[in-house]
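The values are calculated or read from the model by the stated rules, or taken from the named source; none is laboratory data. Keep in mind that what you see is a predicted model, and the values were worked out from it rather than measured. With ideal geometry, Cβ positions are generated from the backbone for all residues, glycine too; neighbour counts draw on all protein chains shown. Ligands, DNA and RNA are excluded from the accessible area calculation, which covers all protein heavy atoms including side chains. Shrake-Rupley method; radii C 1.70, N 1.55, O 1.52, S 1.80 Å.
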Amino acid sequence: MGMTMTQKILARSAGLEWVEAGQLIESRLDLVLGNDITTPVAITEFHKAELSSVFDREKIAIVLDHSTPCKDIKSAQLCAACRDFAKEHAITHFYDVGDMGIEHALIPEKGLAAPGEVIIGADSHTCTYGALGAFSSGVGSTDMAAGMATGLAWFRVPQAIKVNLVGRLNPYVSGKDVVLYLIGLIGVDGALYQSLEFTGDGVESLDMDDRFTICNMAIEAGAKNGIFPVDQKTVDYLRGRVSRPYQTFEADPDAVYAKELTIDLSALRPTVALPHLPSNTRTVDQVAGKPIQQVVIGSCTNGRLKDLREAASILRGRRVADGVRCIVIPATQQIYLDAMAEGLVADFIQAGAAVSTPTCGPCLGGHMGVLSDNEWAITTTNRNFVGRMGPTSSMIILASPAVAAASAVTGVVTDPATI
């Protein structure tokens, strides 16, 4: 009986020749990640356990991205705790205001994730790095503390769902539409503690930004991780970013899967998720005309350069509708610079949008775009739970950058192909 990609990576990390679903293993970690909300909790646990040193200062990353620049006294205190810990332990990969970005865009950009590696992060969307052929998964802050001290973590080897992708995406359809369709198909617990392993001829047609988006939202289907095979596009992305040796893995032909699905990319249409679950999906034409008050284009899901290009191509030469607030957030400083160089930032500002420094702010209702009572937002973020971006009466529609930008122009949910 063969192993899946995820199982092979976990076997390597545990020093074992073979593992099977359900087996408990202890893995050596290649990276431990935290942010300004979760790291302070991990630091508290680190001190409570009377730990005095980290296992490898080169394999810990702390990114201050959720409430930075700090929005209030509490967030400033949390960030200060991170700064003090990073200084005390000489953490190499510490990213503060002016240098940071949204963590799940910054980590790949900085070359801190590579194929075959095992990465844990005290943030649920750590599963993003599966786009590079890594095993990456979110953990609690206590696990982060233990990981920083020991470089080890326990895992139960997950079963896998094989998602066979065929065909090619049509214009105005992107990775966000793929993953929303998948979540709508299987539900928010359809892959609970399982690996979503993407394969098939359609993978080659997806660029890296699409793959990051799809893996980022694997957790919204309950998955332990999402993962793509390493191909030439992956290697091209890693070139100039990752200089250390890395190992790639492929699933065995006789690997065992809990379920197999096929998605025809060419049959997909722009898709949105209505309140209050990412699985409450509709094609955009089924929701067209719904008024909205705010648009957010950014986040760890859709704040990369391709996303900004897509949004700018629609906003260019147009204006944001009266009564609509459009907020654009490049995911990293480098993406911000690239967007400026291409004229995208000018396109956004001339269209009447606000352009923010990199931050997770509005996604979790932190800052830079909190909703008021009964307001509706269409956003490229990853969750639309009750009260996620404001009061419990506020409503969130998840969408791609193209749908979000088109809706900003019209003031109602809009199919980008129609404007």
Odd one out for Thr379 among (1) farther than 27 Å from Lys74 by Cα; (2) surrounded by 24 or more Cβ atoms within 10 Å (Cβ to Cβ): (1)
Evaluation of Leu337 against (1) outside any loop (DSSP other than H, G, I, E, B); (2) crowded, with 17+ Cβ neighbours inside 10 Å; (3) of a type outside the set (Phe, Trp, Tyr) (one fails), failing number: (2)
Members of the stretch 106-117 found to be open to solvent by less than 10 Å² (accessible area, probe 1.4 Å) and either free of Cβ contacts under 8 Å to residues at least 24 places away in the same chain or of a type in the set (A, V, I, L, M) (or both), listed by number: Leu106, Ile107, Ala113, Ala114
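Table: residues versus (1) among the aromatic types (Phe, Trp, Tyr); (2) in contact with a helix residue (DSSP H, G or I) (Cβ under 7 Å, 6 or more places away or on another chain).
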| position | (1), (2) |
| --- | --- |
| Gly130 | no, yes |
| Phe135 | yes, yes |
| Gly138 | no, yes |
| Leu152 | no, no |
| Ala160 | no, yes |
| Asn164 | no, no |
| Lys176 | no, yes |
| Val179 | no, yes |
| Asp189 | no, no |
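Conditions (1) within 23 Å of Thr414 (Cα to Cα); (2) touching a Leu at 6+ places or on another chain (Cβ under 8 Å); (3) at pLDDT 95 or above; (4) among the hydrophobic types (A, V, I, L, M, F, W, C), marked per residue:
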position	(1), (2), (3), (4)
Gly289	yes, no, no, no
Ser299	yes, no, yes, no
Asp307	yes, no, yes, no
Val320	yes, no, yes, yes
Ile329	yes, no, yes, yes
Met340	no, no, yes, yes
Ala353	yes, yes, yes, yes
His367	no, no, no, no
Asn382	yes, yes, yes, no
Strands (runs of 3 or more DSSP E) wholly inside the stretch 130-181 that include at least 3 residues being out of contact with any Gly (no Cβ under 7 Å at 6 or more places or on another chain) and in contact (Cβ under 8 Å) with a residue 60 or more places away in the chain: 152-156, 159-166
Elements of type strands (runs of 3 or more DSSP E) in the stretch 20-73, at least 2 residues being over 17 Å from the mean Cα position of the chain (by Cα), under 15 Å from Gly151 (Cβ atoms) and modelled with pLDDT of 95 or more: 24-28
Qualifying residue in the stretch 49-65 (condition: open to solvent by less than 20 Å² (accessible area, probe 1.4 Å) and farther than 24 Å from Ala331 by Cβ): no
Per-region count, the stretch 147-172, residues buried (at least 24 other Cβ atoms within 10 Å of the Cβ) and under 23 Å from His89 (Cα atoms): 2
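Taking only the stretch 389-406 into account, find how many residues are outside any strand (DSSP E or B), at pLDDT 95 or above and within 19 Å of the chain's Cα centre (by Cα).
First pass over the stretch 389-406, keeping only residues outside any strand (DSSP E or B): 389-394, 399-406.
If we keep only those that are at pLDDT 95 or above too, we end up with 392-394, 399-406.
Among the residues that remain, those that are also within 19 Å of the chain's Cα centre (by Cα) are: 399-404.
Number of matching residues: 6.
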